[in-house]
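The values are calculated or read from the model by the stated rules, or taken from the named source; none is laboratory data. These figures come from a predicted structure and were not determined experimentally. Heads up, the Cβs are rebuilt from the backbone with ideal geometry, glycines too, and the neighbour counts pull from every protein chain shown. For the accessible areas, the whole protein counts, side chains as well, though only heavy atoms, and no ligand, DNA or RNA atoms are used. Shrake-Rupley method; radii C 1.70, N 1.55, O 1.52, S 1.80 Å.
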Amino acid sequence: MFITRMLKKLSLALLGTTAVVMSANPASAVTMQVNSGMFSSYADAKTITFDNGTANDPNGFATYSNITNNIVQGSVSGQYASPYGDNTDFLAISPVGSNVAGDTGFVNINFKQAVNYFGFYAGSLDSYNYIDIYNGNQLLKTFSGSDVPTATADGNQTSLQSNLFINLVADTGETFNRVVLRSDGVAFETDNHAYRLASVPESNSMLGVLAIGACGMMSLFKRSQQKVTVKG
């Protein structure tokens, strides 16, 4: 009986450990970081440049929607400005009814596989530029231009504090599959979108190992009991 009680306590402890592992990764955790330059600093990221004049992902994982005349190049006074140092096509978003290029209000980016990272080069960042991070229909996090670390979201077209690469990184074990870029003013200019496909969360692997261990110990004890009964 003593051994039985000890094994039961050990099994409960193992199950308790799995609960701790599962809760160690808080839901909806996405962190914003920045790096200099026009491209992602993540070597394993896939990139969408818009250089062919379309919002098509050459890697086949991201789909853009609510796109009309949002892909532009150069600068047009009162409408959009090319991100500093960027002479290629980029994505521009302005409010609906503003009668400028990209006046769709927002652009959806859907990933057919879960990702744990998304980034982009932001030009002349403004406080009224927004990024929404979703997992399915659940809104995980919203960032504005004012939330970008070290940035000055004042629309300056040449300052490195308002033209920088923004990285949105999910915490360990967290993923998302949709990003919405939107703007309440003219305009939100971005280029060189980057993302990283998520791998299987480590917490799930640990959960399986612990569960198998608990079941194995109980099975071993039952076999030991049967052997003792036969000998008696």
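Here are the numbers for this structure:
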read-out	value
Considering residues of the range 26-43 that are open to solvent by 40 Å² or more (accessible area, probe 1.4 Å) and at pLDDT below 95 only, the residue nearest to the chain's Cα centre (by Cα)	Ala27
Test result for Val107, under 30 Å from Gly74 (Cβ atoms), in a loop (DSSP other than H, G, I, E, B), touching a Phe, Trp or Tyr at 6+ places or on another chain (Cβ under 8 Å) and not charged (D, E, K, R)	no
Every residue from the range 73-111 that is of a type in the set (Val, Ile, Thr) and farther than 19 Å from Asp184 by Cα	Thr88
One residue from Asn69, Asn87, Asn59 being part of a loop (DSSP other than H, G, I, E, B) and either over 29 Å from Ser159 (Cα atoms) or modelled with pLDDT under 95 (or both)	Asn59
Strands (runs of 3 or more DSSP E) (entirely within the range 111-200) containing at least 2 residues that are crowded, with 18+ Cβ neighbours inside 10 Å, under 17 Å from the mean Cα position of the chain (by Cα) and without any contact (Cβ under 8 Å) to a residue 60 or more places away in the chain	129-135
Candidates Asn52, Asn70, Asn59, Asn99, filtered to the one that is free of Cβ contacts under 8 Å to residues at least 40 places away in the same chain and buried (at least 19 other Cβ atoms within 10 Å of the Cβ)	Asn70
